[in-house]
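Reading through the C-alpha cells given below for one structure.
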Amino acid sequence: MLNISLALIAAEYLLYALLLTLLGSWLLSYLSVFLAEHEVTCTNYEQVTLPTAGGFLVWLLVIIHSALAAAAAYFGLDAAIWPEPERSFAPCLSIVALLGFIDDAVGAKTNVKGIAGHWGLWVKRGQLSTGFIKAGGILLAACPAVYLLQQHRGAAPWYMGALQVLLVALMANAINLLDLRPGRALKGFFILLLLLAASLAAKSNEAAMLYPFMPDMLPVICGAVVLFLPDLRGKLMLGDTGANLLGFAFGCWTVAAVSAMWQGLLLILLVIVHGFSWRHSLSALIESNRFLLWFDRLGRNGTGKI
C-alpha cells in the first residue's frame, strides 16, 4: 500500500509539473512580446538588444500555483501538490522578483554591474542605485524566509539564523553573478539542483526535511525549464528578476534540508566567490579553463548539442 501511495504522489507531481511547464511555455510567448514592447530590454555581451526580466515568468507560475493552492484549501480539496499556507515562500519570492524587476526595468539603464559597481557608485558619487536597494531588500526578504524554515526545523541560535539569512542572500546574488552569458545562470542553477538532489538521495532524513516545501519548488523548477532554451539561444535574458529569484529559492531549499555543517561550507564558498568577483571577472576565469569554456558554450549559438 505504501508503494502504491508513493507512486500516486509521484504521478500527481509529474502531471502537475507537466501542466505548469505547458502553461509556462504559453505565457512566455506573450511575456516576451510584452517586455519588448514596453522596452524592458538590455544589451547582451554581443551588443544585441534583447527582452530582459524573462525570469518574471517564474514569479507568474509561483503566483498561479499559490492561487490554485488557496482555492483548493477554500474548497477543501486535498492533494500532495498543494503547499501548506504557513510554509509558502510566495510572499518572500514576490519581494525578490519585484526588486529584480525594478532593477531590470530601471537600473539596467545605468550599466552598473555587480556589488562592487553599486557600492562604488554610492561611495564615490553618493548615488543609491536600484541594485544597491535590491541587495538590501533581498537581505530583508531572507529574514522571514529563514524564520519560516526555523519554525519547521526547530529553533536555532540567533547567530545561526543570521548566517542562514546571509547564505540565502548571497546565493540569490551568486546566480545573478553567472547571468552574463546565455544559459550560464540556468546551467549553474540546474547543477546546484542536481547536487542537492544527490545529497538528499543519500540522506533520507534530510530529504524528509525538504518534503513539506516540495510543492513550492515545482513552479520555480518548471519556470527554469521553460526559460532554459530561450535563454541559452539568446532569445531573451533572465535578468535580475529571474537570476535573483532562482538563487533565493535555492538558498531557501538548502537551509530547509542541508545540515548545519554543509550550510557553513556553502556559505564560505559563497563568500569566496563574491570576494573573487569583487576584483576579478568570472567570465575571464571560465574562458581560461578549456572544460569550463566548453561547458559554458554548450548549446549556445549552435555550439555543441542540447
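Rule-based calculations on the coordinates, nothing more; no lab input. Note that the structure is a prediction, hence the values are computed from the model and not measured. Every residue, glycine as well, gets a Cβ built from its backbone with ideal geometry; the counts of neighbours run over all protein chains shown.
Please turn the phi angles of segment 52-58 into ³J(HN,Hα) values with the Karplus equation 6.51 cos²θ - 1.76 cosθ + 1.60 (θ = phi - 60°), one per residue in order, whole Hz, x for glycine and proline.
Working through the residues one at a time gives 10, 6, x, x, 4, 4, 4 Hz.
For V33, V146, what ranking results if the residue with the fewest other Cβ atoms within 10 Å of its Cβ goes first?
Listing V33, V146 from fewest to most nearby Cβ atoms yields V33, V146.
Once you compute Rg and the Kirkwood Rh from C-alpha atoms, what is the Rg to Rh ratio for segment 156-306?
A ratio of 0.98.
Report the gain in length on full extension from L8 to W262: 0.36 nm times residue separation, minus Cα-Cα distance, nm rounded to one decimal.
Result: 88.2 nm gained on full extension.
At 7 Å along Cα-to-Cβ for each site, give me the label-to-label distance between I133 and N289 in nm.
The modelled label-to-label distance comes out at 3.7 nm.
So for M237, M160, M217, fewest C-beta neighbours within 10 Å to most, what's the order?
Values: M237 30, M160 16, M217 20.
Ordered from fewest to most neighbouring Cβ atoms within 10 Å, M237, M160, M217 come out as M160, M217, M237.
Which order do V48, V225 fall in if you start with the one that has the fewest other Cβ atoms within 10 Å?
Details: V48 10, V225 16.
Taking fewest neighbouring Cβ atoms as first place, the list is V48, V225.
Need the C-alpha centroid separation for segment 139-171 versus segment 238-275, integer Å.
12
For segment 2-302, what does the equivalent ellipsoid look like in terms of its semi-axes, each the square root of 5 times an eigenvalue of the Cα gyration tensor, given largest first in whole Å?
Equivalent-ellipsoid dimensions as semi-axes: 30, 23, 19 Å.
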